[in-house]
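What follows is a short report on a single structure.
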Amino acid sequence: DTGVSQDPRHKITKRGQNVTFRCDPISEHNRLYWYRQTLGQGPEFLTYFQNEAQLEKSRLLSDRFSAERPKGSFSTLEIQRTEQGDSAMYLCASSLGTGRSTNEKLFFGSGTQLSVL
Amino acid sequence: AQTVTQSQPEMSVQEAETVTLSCTYDTSENNYYLFWYKQPPSRQMILVIRQEAYKQQNATENRFSVNFQKAAKSFSLKISDSQLGDTAMYFCAFMSTNTGNQFYFGTGTSLTVIP
């Protein structure tokens, strides 16, 4: 078990460009979450998957954002036509998601720091 | 909507002393879970401690313990024998199965342990 991994760790892009981030959850985890965190704030929920199904999306997730988890394993988060306001840390987390919440805990990756110039 | 409030943006404590971080939350749910996460300068979020709302006994993990007051909707974290490695942002979080197992986070408390 290598934990949740995210790639890349840092991304610098120009406004208007598209970016894609990848998250590999802990292998037996069914549930995968994306959060956004700006400096001095707590993580804000963006979306989550139960296996390959995207079950919920936050209103923070504009049409420029899309997330996929095609085979219920890794996930990608794409931001199209990036804006300076998209600059943030994008955190991925996973949990067992077996339906028995007694064991639910979030395990986080190290995040992808996005800077839009 | 569930809200989590951490009213102490910054705190400091002398090494080896004890410090308590406050957290309050608002929910109409009866069954839920509360967490404290630590985020050191490396930015990796690490689970510190977890509390089930249906358990009256306060959770304890080594030097970390909580004071869970369900009626008051309060969930404070006590760190005993503070160590330099405890310096980090601490986030309180709430999760309920009735809200889709979403985790809601507070704005965090920045803790500095002074040598």
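The values are calculated or read from the model by the stated rules, or taken from the named source; none is laboratory data. Keep in mind that this is a model prediction, so the values were computed, not measured. Counting neighbours? That spans all protein chains shown, and the Cβs are built from the backbone with ideal geometry, glycine included.
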What residue, among those in segment B:1-40 that are within 24 Å of B:Gln57 (Cα to Cα) and among the aliphatic types (A, V, I, L, M), is farthest from the chain's Cα centre (by Cα)? B:Val19
Restricting the search to segment A:18-57, which residues are touching a residue at least 12 places away in the same chain (Cβ under 8 Å), more than 17 Å from A:Leu114 (Cβ to Cβ) and not in a strand (DSSP E or B)? A:Pro25, A:Ile26, A:Ser27, A:Glu28, A:His29, A:Asn30, A:Asn51, A:Glu52
Considering segment B:41-55, residues that are within 24 Å of A:Ser5 (Cβ to Cβ), hydrophobic (A, V, I, L, M, F, W, C) and more than 11 Å from the chain's Cα centre (by Cα), and then whichever is nearest to the other protein chains (Cβ to nearest Cβ), we arrive at B:Met45
For segment A:13-54, give me each residue that is surrounded by fewer than 13 Cβ atoms within 10 Å (Cβ to Cβ) and among the aliphatic types (A, V, I, L, M). A:Leu39, A:Ala53
Given the residues A:Arg81, A:Arg69, A:Arg64, A:Arg100, which is the only one that is at pLDDT 90 or above and within 19 Å of A:Arg31 (Cβ to Cβ)? A:Arg69
Of the conditions (1) outside any strand (DSSP E or B); (2) on the phi < 0 side of the Ramachandran plot, B:Ala16 fails just one. Which one is it? (2)
Out of (1) part of a strand (DSSP E or B); (2) at positive phi; (3) of a type outside the set (Gly, Ala, Ser), the one B:Val4 does not meet is (2)
Answer with yes or no whether A:Gln54 is modelled with pLDDT of 90 or more and over 24 Å from B:Tyr32 (Cβ atoms). no
Pick from segment A:74-94 the residues that are over 10 Å from the mean Cα position of the chain (by Cα) and surrounded by 14 or more Cβ atoms within 10 Å (Cβ to Cβ): which of them is farthest from A:Leu39 (Cα to Cα)? A:Phe74
Spot the failing condition for A:Ser62; the list is (1) within 14 Å of chain B (Cβ to nearest Cβ); (2) free of Cβ contacts under 8 Å to residues at least 12 places away in the same chain, and only one is missed. (1)
Of all residues in segment B:64-106, count the ones that are touching a Gly at 6+ places or on another chain (Cβ under 7 Å) and surrounded by fewer than 16 Cβ atoms within 10 Å (Cβ to Cβ). 0
Taking segment B:80-110 on its own, how many of its residues are under 20 Å from A:Leu32 (Cβ atoms) and within 10 Å of chain A (Cβ to nearest Cβ)? 12
